[in-house]
Structure formats: C-alpha cells, structure tokens
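Here's the structure we're looking at; comments come further down.
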Amino acid sequence: MAPTYPTRPKQTEDLVQRLKSRETNLKEVDALQALSEEMIKEFTDHPKPSYVPEAAALASVVTAKHYQDLLRAFENAVIKGNADGNVLDPQLLIKFAFVLRCSERNRDPEIKLGVVLKSLYKRISDAEDEAERQTTYELLCALSFVLDAMNDVKTNGLKRETLHEPLLTQLATLRESNEPRLAQAASYAYQALLGIPDNEGPYKKLWRHFSVAAVGAAKVASAIWTADPTKLIDGLTQLWDLQDLLTQMVTIVKAVPDVKGGIGSVVQGTKLPQKQKSWYVALRFTDMLIYAEAFKDLENFVVKVPCTWEVGNSSAKNKIVQFLEDFLIAKALKSKQDFVLEWVQLIAETLGQSDWKASVESAPRQLHLPWRKKKELKSMITRHKVRNEPFPPGLLERAWLNSDVASVFYADIELLRQYATGPHLQIERISGDRLSMDQCYINLAIVKHSQDEGTTRQSSPFSLSARMKVEKPGDKNQVQLSELFSPLKQSGGTTKQSRRILIRGRAGVGKTTLCKKMVHEFIHHDSNEFLKWRELFDHILWVPLRNLKHWKGTKYDLEQLFREEYFSQHQEVDRFAEALDLKVRDFDDSRSLFILDGLDEVSQEFRSNNQMSKFLEGLLNMPNVVITSRPYGIFPDHIHPLDLELETIGFYPDQVKTYVEKAFTDPKTGEINSTKIDEVQSFLQRHWLIQSLVRIPIQLDALCYTWDADFSSKPPTETMTALYEAIELKLWWKDIPRLEKRRQGHLVTEDDIRDSRTPSQIYPLVKEERYLLEVLAFTGLYNDIINFEQNNRDEIYEHFPLQEMGASFDNTLAKLSFLRTSGVSSRQLRHQNYHFLHLSFQEYFTAQYFVRQWISGRLIECLKLKSGKIEHIDAEDFLRKEKYNPRYDILWRFVAGLLHDESQLCRFFETIEDQPRDLFGPIHQRLVMHCLSEVVPSQGMLEFNQLRKNLERRLVGWVVFECNLKGYSHLAAETEFSEQLLEVLLREKSLEVKIGILESLDARPKLPQSILLLIASWLGDDVSEELKGTALLILRYHSHQSAWPEVVISEVIAHLKNPEKEMRGAAADAVADQSNWREGVLEDLLVLLKDVKSSVREAAAMALARQPTWTEGIYRKLTALLKDPKEKTRVAAAEALAGQSAWPEGNLKDVAAILKDSDGLFRRAAADALSYQLVLPESVFKDVLALLKDPEDSVRDAAAEALSRQPAWPEWVFKDVITFLRDSASSKSIATSGLERNMAEALIQQSVWPKGVFKDVIAFLRDYPYSEAILDIANEPTDISPCVQAYPIFFHPLLLDLN
C-alpha cells in the first residue's frame, strides 16, 4: 500500500474522525491528542461562544485526564454565563449536555453539577422576574438537555433543600404557564429532574432499583448524543432483533408509572417525589428513533405506548411531516382537549402545514362549563432551534499556533511528502529522464579514508584509477551504508556510536546521490538493514549547503533554514519553521540527523566572521551529522571531533554490471534489451582502461546513453579521449534541438541530427557553445574552481569574446547536458550554480581550449577570478610551466588524445621533453607514459612513430632502473604502461627485472591476456624455480580474474603435483576461483588433501570448496580432514563441507561420529561442518544437542550455531532447549552466559512452534524473567523477528516487563 502523507486537520470534525479511526497512525494520534489538549487549554482560558461546538466535540475522543479538564472548563463557562448581567448562550448548555454524556467512556470522572444547576436556577428566576419569556423558554430547553444528560450518566446527590426541591417548585410553576411552548419546556425539564435523586440516602437505593428498567433507556438515549444514530440502530440490530428492542422500550415506558408502587420494600417509610410521567421516557426513545430516521419502527413504538403525544422536530423534516400527517395528526384531531389542538396548530406553523391548521380550527372542541374559567392558550414564543451548522475552526486554529507537538509532527510529514513525491530524490540521467531512487540506484562503494594497508602494496597513486578515485578498496575497509551509525571499536577496546561522519568524494562520484539514498532509506525503510536509523532518529534533514548563499535577507539560524529550504512554498511555512526550530534549538537535538551536502562549496565563507559562517559552524557541530565534501573542503576551527571519515569512490565492478542491466531495462514495461547489455559488457571486457572510467556513476551513465547500434562497429575506442569524444558527440545530438539551432535557415530537428554522424557535421552547429564550455572549463581549472557561481560566470562572460551567441549565456548553460545545476531549486537561472558532469569533463573541455590555442598559435588567456587580472601566455610556455602540476595530469592526457595532426602531436611531445626536466625522478617518465597511452598507434604517422620509439625506450630503461634499485617498478604497476612494452620487458630483460616486473603486477586490477599466457609459460621445467614460484604467486593473486585461457589453467594445475610444498599450495589457490577445469583436476586435488604439509591440505580444501559438484570421494576425504592436527586445515575442510547443501547419507554418519570424538577440536570441526545442513536426521540432531553440555566453550558455541540454523525443530528439541535454558539459568556451574543467549535467540528464531511448547516457555519465563539470555535479546528487539511477529501476544508482556 502506498504511504499517505496527511495534512493537519483544518476542521474539528476532521480531528475527531481521525482520533476515532483505527487506521490513524499512532504517532498522528499522539499529535492529535496534543492538539486537543491545546484546544482545551485555550477554551479554559477563553470560553468564547464560537469555541463551544469545537470544544464539546472533543469530549468523545480525548483521554480521561483531558476529559476532566474539558468538563471543568464547561462547568466554569456555564457558571460564568449565568452571572449577573450575562446572557447565557443556550448552545453552551446543549453542548455541555453532550460533554456530560461522554463521561462513561472517560472512566466515570467525578462530576459535581450542583453549582452549575444552582446558577441555572438563579438565571431562570432572574429571567422570570424580568418577564423575559423568550429567554426563559430558551433556558428551559437548554436545561432539559442538561437534565437528560444527568439522567443518562446517573447523576445523584443534588442537595434536596437548597437545589433539588426549589428547582422542582420553579419548574412546576412554569409548567402551568398559558404560553404553550414555555409550559411544554418546563414540563419536560420537570420530568427530567424527577429522575435525578437528591442527596438523601434512600434515593440512592431508589436509583439502584429503578435502573432495572429505566437505566436501559438512559444508556440507549445517551448513545444517541455521542454516536451516529443511524449506525447505532444498525449496531443494535446486530445484537438483537429490532422488534425485541422495541418491545423492551415499550416495557420500560409502561414500567415507569409502577415504579413508585413497586419499591415499597426498598424504601419503606420514605416520602418519595411525584412519579415520573411515562411520556418523558417515551420521548427519550422517540428522539433516538427520529435521529436514526427509523420511522416505521417509530410508528410501531407509538402504537404500543399508552401515552398522549407531543411531537418535536428533526432534521429529517420531510419524513417527519409525512409521519405526523399519516399517524399523529390524525389521532390528535380526534382529541377535544384545547391544549392538544393548540399544539397541533403550533406544529402546523412550525412545519408550514396550513391544511393542518385549517383542520384544527374546524375540529370539535371540549365543552367548557360556564363556571370554569377557560385557560387562554396562545404561543408568542418562537420555537427553540438546535443549531447543527459546521463548527467554525477558530478554536482549532488558535490551538494549532500553540501546539508544538502537533506542528513538529505535521512538519515532519510535509518533509516526508516533499522527499517522497517531489523531484528531490529522483536521479536525473544524462538523457534528461528522471528516475526514482528504487528504480535506478546502485549502492555506492564507501571506504575508510586513507588507511595504511600495512605490507600489502597498493596500486600506483599516479594511475588513472587512482587519479579518478575509482580503485577498489580492500574488503576490510568497505563500509555498508546501512552500517554508518553502527558502534565503532575504540583503541581501548570499548565501542562508540558513530554520530558525526564525514564523507569525501570527487565531483560526479555520487555524493549527492548518496545523500538522496540516505533520505530515501530513512523515509521508506524498505529493508531491515536501515531500521536502525529509525531507532536512532526522528527526523532527517538534507541541507545542500550551497543554497545558504542565496537566502533572502541576512538572518541565519535554524528557523530561517527550515523556512528557506523546506517550507518556502507551504502555507504553514511560519508555524512549521518555528516548531522544528524549537525541536532542534541550540544545536543540541539528539534525535535529528542533519545531512550537510557540499562543505567544499561554502568553505570560503569561513574566512568571514559573519552570521553565515557562525551558523555554518553551528551546523557542523550538530550531534548527529553526515557531511559530504570534495577532497579539498576545509573545516573551520573549533569543530567538534568526527567519529568516522569515509570516502566515496563510485561503483564496484559487479555494480557496474547491474547498472548496465538496469540502464537497458524499460522502467515502465520491464522489457530488457539483452542485445545492448551484451554489447556494452563485451566492450568493457575488451577495454581495461574504460573499465576504470565507468566506475564513476556519471561516466557509466554517459556510456550507456551514448551506446547505439553503430558504436561497436566504429574504430575501436581504445583510449579515454576517444570515449569522451563519442560521448560529446552524442550529447550534442540531444542538445542541438533544445538550442533551436538552424541550418540554412531551418530549425534542426531530432531527425536531422540522427543523419549527422560525424564531428564535421555537428560541431559547426555548436561552435559558440563549445567555445563557451571551453573557456568556462579552462578558467575554472586555472583558478581551481569547479563550481561556477554567478559572479564567476559574469567575469568570464566579460573577458572572453562570446558576443556571437544569440541567447543569454545562462540560458544557454541551462540547456547543455555537459553541466548540472547544484541541487533542485526554483531560483532564477542567474542565481544557479553550475558544475560539469564530472571533473574529467571539465578537464576534457579545458584540453579542447588548449588544443584550439595550440594549433592556432593564439595566446592562452589566463583570467584570475576575483582580481579580474588577465595574463596572456604562449601555449608552449604554459605547457612547460605546468606539465608537472598534478592538477593538470588528466588535462595533458586529453591534449595528447585530441591532437590528431602528426606535426602538432610531435611538437607537443617535444615540448614535454624540453627543459625544465625532472631528471632524477619518475615524474617526467610518468607524464610521457600517461600521454602516450592516449595516442593510438598509426602506421601512417612515421615521424611520430620514431619519436614514440625513442620515448618508449627511455620508459623501458627507467623501469629496468627501478627494478634493479628497489626490486619492483611503480611505472610497470600502472595500467597505462603499455602491454607491448610490458611484454618486451618480460621476454628480453634479466631474471631480476622479470621478477621485479612480476612483483609489480600484483598492484594491477587485471592482467592482459597476452601477459597471462606469457606468465603461464614460465611454469614449465626449463625456468628457474625463483621465476616459476613468483609467476605462480602472481597468478594466485589474480585468480579472481574470470575466464582464464585453458592453457593457463593446465599449466597451473600441473603444479598440484610439484614436489615443492609451497608450489603445490600456490597452484591449488590459483585455480580455486576457476571453473573450466580439465578432466582429472579433481583427482589431483584429492591427492593433495593428504599432503604432509597443512598449508597444502588447506589450499586443496579451499579449492574444492568452490566447486559446485562433488563426488563421494571428495566428501569422504574432506571429512577425514576434520580430524587434521592443524586448525586451519580443519576450518578449511569444515567450511568446504558446510558449503555443500545435500550430503550423502554415509557422509552424515561419518561426520556425526566425529561429534563424539575425544578431542574437542575435532568435535568443534564436525559441528561447524554440520552448521549449514538444512535437515539433520534425528540421531544427528541429538548428537549436536548433546554438545551444548560439552566442557569446551568452542564446541558448545559451534553446536549452538548448528542448531540455530535448523529451520524446523521437532517438539522434543524445543523441550530439550528449554530444559537447557532452565538448567543454565538456575546453575552457573557451566560458563554459559553467551551460550544461553545464543540458544534463547535460536529458540525465538523458530518460525513454527508446537502448541505444547508455549506452556514450557511461559513457565520458564515466569521462574526466570530476568535471565541473562532473555535480557540480552530484549535489549535488541530487531533480532527477534519471526517469532515476535508470529506470537506478539506472548512476547509483548515480556518486553513490557523488561522495559
């Protein structure tokens, strides 16, 4: 079900309905109750008449405590309304009656109504004294509502002498009035008051007796005012037949006149008040049926009730009119009593029925005796109207402004709604399509920042992979995103929760995408891995720091942050901002997570001691914060220490594969384009350099977008430059129609572009735009700027000749696919910041500018931003000056690749060779090597080919020098060192150099196939043992490289029988990851399982473990290794066996026999091997279970692990485990604290429990409620998954007790 994002209630009716609904989220219920509490407080302090309906409506949904406050507020309002000179609003009393009727659901609060009634009594007396008949009538009607409610909630204890009797007397006098409406109202109130006992003891007994009949009426009538009447009748029909209900109602009415006579034995000798009229009780039921619009049942009820009827009105006017005309009016016209006929006339006037009035006037009247004075009956009072108009939301609105709890909740909901439904969490592909996070996101690789890897040699820091930060980290340095906030081990052995985290990464590597992923997982928490985040934080606030520079005004604080970044377009902007500010005020909130994206973009602000810099410092010092930055982002002083520093490096190789599959899958239909997927994967396999480039997400997206049917048939894209040229061409295809370019006066369409396949057809159309990108890129790189703000762009526009462009420059930038704006923003284009898709694209267009100036002979214009100074430098001089500058390393590679003219290319390399030169270090040779790697050899370039040979000869000489000096070569370790030169070195140079080269190759991620074949050829008999051993070790290091040629595998496998132990072990390791084994390899490995050296046995077992199919001989020999004297060999054998899911029956018996071995080390190995067997025979199950009492800790733990992995325990296992838990809890003679916890957790993880187990478990928990195992598990409720979900009733009380 799609998540909903409720807005705050604007009407009190909506608030009440949400609190009544079972579908309302519990957190929203808390917010609504807090809002209700504020409404009650406001009504208490300011009981305005307009607030009355809203306040009363809360009575049916508030908590017991808040109900007490609400009732007290109404009592005070009534008393205040009856004070001298005040005009009491009858609506207040009617709503007060509703509040009274809600008392039962609020646990029978103490109700003291004497003061209220006394004030009413006085107000009615004052109205009579002033002859305010209309006011008296309104007060009596309202009083009736209150007295009815008091009957319903069984109020008693009114003071007889000072209140009960005086009020009865007052009502008795008023019911004799010649004003029919007034008399009717007083009569009704009089009967209602008769049903309320006073404070004399016998009346309590009377009430208990009377409740047998009349309390039924009270309860049913009370329900009318606190529920939907229509639903009430429907509900009653389900409980008993409606006819039975009507019979019961009639019985209650008939019983009323007999109550007085039937209670003599209860209240003997007590003077009782007058008996209550049966018509009063009947009218209570009539109200119910009219409100429910059950007119047929009303007719049946009226026929059976022996009463003279007076009829009121209802909202269902048409149905009531028809009912009166068909039934009551017909009966009333037969009466000769004047008061009955007068009431018919009043009803006729009320309902506008003139024909009824005419019938009354012609009806026969009662004969009046001449000596009896005739009572004049003529109503001058307008009828009492019950207002049912919608509540004005004044009270709710006032309370909303004061309820911080509700405001924070709905502000959170609004944040979630924006994140979930807006563009914020979508990924914009180069194609322009926006995809949601769950459609296209692949987890980014996160590594611990710059850790020392000990003795393991890393790849060269100067390689292309290292320069672009896409090297794959070691497994021990990988950090899963879901584990960002996991506890970290400290140097003293303690652990600390990670709360303050820095994540660095180069442009385009995916830092902002990472922020989006964090927000997405927090709000959706689709996977269990991210549930921990929800336990730690209530809010997640993603702040693109660059936006702070564009705030309006000069105020910088949290409230302004919320106003500007999250709610600027929302009508509740001020309230939401104020509430969230209160929640995280003073930068000290432990439940809010701030994601501060792009520290590097605001680092320069720390130089100014202003409001913004101080605010930034406060944000950075938040207790829970994730900060992203490019590598050069600078922290200000006084920043609190960080708990963890990480670095994003892009995709892992397997993630590249997954991304390619998703890129060519239609997100709407799910259709997969397998042809294109295979083409791209094959292309990447052939080009090792591009494999490194596409680990940058934006580069991989660009490759996928660029790919088309003709791409693979073009000349091989061997270099980085060629790939970027292809991407540039394809992106211009996309942009030209958006730029509204014209060719010979006609707009260029998408169809026209598809026919333009070459740069010569495309580039003339975008000459100005390309130049704009070039000068933007060069000036940025020259000034070390990658984020172009408005002032930077304006300086560039001013100094470079860009006047030929028709559209404004910023409008043009907004249409170019090579640039991105910083974040999702509605700001005007001139206020946007721009950056290239990736730093490498900026370097590519910088190279385009340099090549333009190089070829044309024009000076390079070096604009110094901020100062505005410009320096004109000759291109050759610029190259000489900056050729060793690390910031320009990628630039010079691109320049070499873009210089297609032979003479220009030769001049470029000759200039590199010119002075100044790095004569004593590898910097110069590395520069030459990097640039040569971008030039594809061509037989037609004779002059350059000769120059290339000279340069490569010097490279070879340097590598030889490195190997002789240090035993390895940094240059040879880089993938840019050509395959041909590498082969020359390995074939022609000395043994020492060959070994040095091989030692260097372990830093390469992959070996070219020609080098693999050459290395494999050195495994023969006519090669020195040292070279042979080194070759085998390098092959073992690269064993993860898939699909070795068969000849390589054959050469390695031959060494499984090598007389040297180390060689046999290395050979077994080397072939472990290869699957295309020739026939007989398995037999060779089985022989090695009996080798005299444990490392060889271990290697053979590990090699066999990775093979999918085993023979019985493999099982048998690996089982024998479980009793090997060396622990590593036993572990390798156990892991190999555990990896096989279905063992032969005989092998199970062999391993089970080792469980009873006298040596604990062997017993543990056997238990480890059994841990992944899905179904254990009963005999083996018992043997494993018996190991829980083994004297060896490691054996017990291994047995517990094996038992926990069994998916369905037999009932006897449950009982034995519970017995074990009971024994270990009662006696600590065995050190079982950790084991106890493991077994308790294993018990809970069982998804199906036999019925008989519950009694045993409950008995154990009753006896040992605080056992260490249960306490440990209760403290980590996320680990108790299947059982708690299946049996919540069982576990809920346990967890409550422990908490």
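The values are calculated or read from the model by the stated rules, or taken from the named source; none is laboratory data. Since we're looking at a predicted model, the values are computed, not measured. Every residue, glycine among them, receives a Cβ derived from its backbone with ideal geometry; neighbour counts consider all protein chains shown. When the accessible area is computed, the model is the full protein with side chains, heavy atoms only, and any ligands, DNA or RNA have been set aside. Shrake-Rupley method; radii C 1.70, N 1.55, O 1.52, S 1.80 Å.
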Revision key, fill the gap. Between the alpha carbon centres of segment 16-48 and segment 897-915 the gap in Å comes to 78 Å
**Study point:** Surface/4 of the Cα convex hull for segment 861-988, nm²
**Key:** 9.3 nm²
Point to revise | Above-threshold pairs, the threshold being 25 Å between Cα atoms, out of 989/1028; 517/657; 532/1189 | key: 532/1189
Review point. So how compact is segment 26-71: Cα radius of gyration and Dmax in angstrom?
Key: 10.2, 32
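Would you mind getting me the FRET efficiency between residue 1041 and residue 63? Use the beta-carbon distance for r and R0 = 60 Å, nearest 0.05. Intermediate results must be reported in sequence, preceding the final value.
On the way: r = 67 Å, r/R0 = 1.12.
Efficiency, rounded to the nearest 0.05: 0.35.
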**Study point:** For residue 481, net neighbour charge (Lys/Arg +1, Asp/Glu -1) across residues whose Cβ lies under 10 Å away
**Key:** -2
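Carbon and sulfur: what percent of segment 1123-1208's accessible surface (1.4 Å probe)?
On the way: 2050 of 4020 Å².
Answer for segment 1123-1208: carbon and sulfur cover 51 percent of the accessible area.
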Exercise for review: Could you please report the charge total around residue 925, scoring K, R as +1 and D, E as -1 over all other residues with beta-carbon less than 13 angstrom from its beta-carbon?
Suggested key: -1
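Averaging sequence separations of C-alpha pairs under 8 Å and six or more residues apart, then dividing by the length of segment 7-97, give the relative contact order as a whole percent.
Values: 59 pairs, mean separation 24.9, N = 91.
Relative contact order for segment 7-97 comes out at 27 percent.
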Point to revise | segment 988-1098 - Rg over Rh from alpha carbon coordinates, Kirkwood radius | key: 0.95
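Express the relative contact order of segment 1121-1209 as a whole percentage, based on alpha carbon pairs under 8 Å and six or more residues apart in sequence. Don't skip to the answer; put the middle values down first.
Values: 116 pairs, mean separation 24.9, N = 89.
Across segment 1121-1209, relative contact order equals 28 percent.
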Practice item. Quickly work out the residue 30-to-residue 760 label distance, labels modelled 7 Å from Cα along the C-beta direction, and quote it in nm with one decimal. Key: 7.2 nm
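What's the local net charge at residue 982, with K and R +1, D and E -1, over the other residues with C-beta under 15 Å away? Before the final figure, lay out each step's value.
Numbers: positive: 953, 987, 989, 994, 1004, 1006; negative: 952, 962, 974, 976, 979, 983, 988, 999, 1002.
For residues surrounding residue 982, the net value is -3.
Do you know the relative contact order of segment 596-693, to the nearest whole percent, from alpha carbon pairs under 8 angstrom that are 6+ apart? All intermediate terms of the calculation are to be shown ahead of the outcome.
Numbers: 59 pairs, mean separation 21.8, N = 98.
Rounded, it is 22 percent for segment 596-693.
Considering only protein heavy atoms, with the full assembly of protein chains and a 1.4 angstrom probe, order 1215, 657 by accessible area, largest first. Could you put the intermediate results ahead of the total?
Numbers: 1215 75, 657 110 Å².
Reading off the accessible areas and sorting them downward yields 657, 1215.
FRET efficiency for residue 634 and residue 1156, Cβ-Cβ distance as r, R0 = 51 Å, nearest 0.05? Write out the running numbers ahead of the final one.
On the way: r = 66 Å, r/R0 = 1.29.
Computed FRET efficiency for residue 634 and residue 1156: 0.20.
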Check your understanding: So, in Å, what gap is there between the alpha-carbon centers of segment 537-569 and segment 1116-1163?
Key -> 62 Å
Review point. Using mean Cβ contacts within 10 Å as the protection proxy, how do 945-956, 180-191, 45-56 order, highest first?
Key: 180-191, 45-56, 945-956
Practice item. Return the whole-Å distance between the Cα centroid of segment 676-690 and the Cα centroid of segment 1007-1077. Key: 26 Å
Check your understanding: Quick one: which of 511/662; 27/489; 1123/1182; 734/767; 516/662 span more than 27 angstrom between C-alpha atoms?
Key -> 27/489
**Study point:** For segment 844-922, the spread of Cα positions along each principal axis, largest first, Å
**Key:** 36, 31, 20
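Identify the trypsin sites (Lys or Arg not before Pro) of segment 851-912 meeting these criteria: DSSP loop state and at most 10 other C-beta atoms within 10 Å of the C-beta. Before the final figure, lay out the partial values.
Details: sites: 852, 858, 864, 866, 869, 880, 881, 883, 887, 893, 907; in loops: 858, 864, 866, 869, 883.
Here the trypsin sites (Lys or Arg not before Pro) that fit, given the DSSP loop and packing criteria, are 866, 869.
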Exercise for review: Multiply the residue gap between residue 21 and residue 536 by 0.36 nm, knock off their C-alpha separation, and tell me the result in nm, one decimal place.
Suggested key: 182.5 nm
Practice item. Using label points projected 7 Å from each Cα along Cα→Cβ, tell me how many nm separate residue 488 and residue 785, to one decimal. Key: 3.5 nm
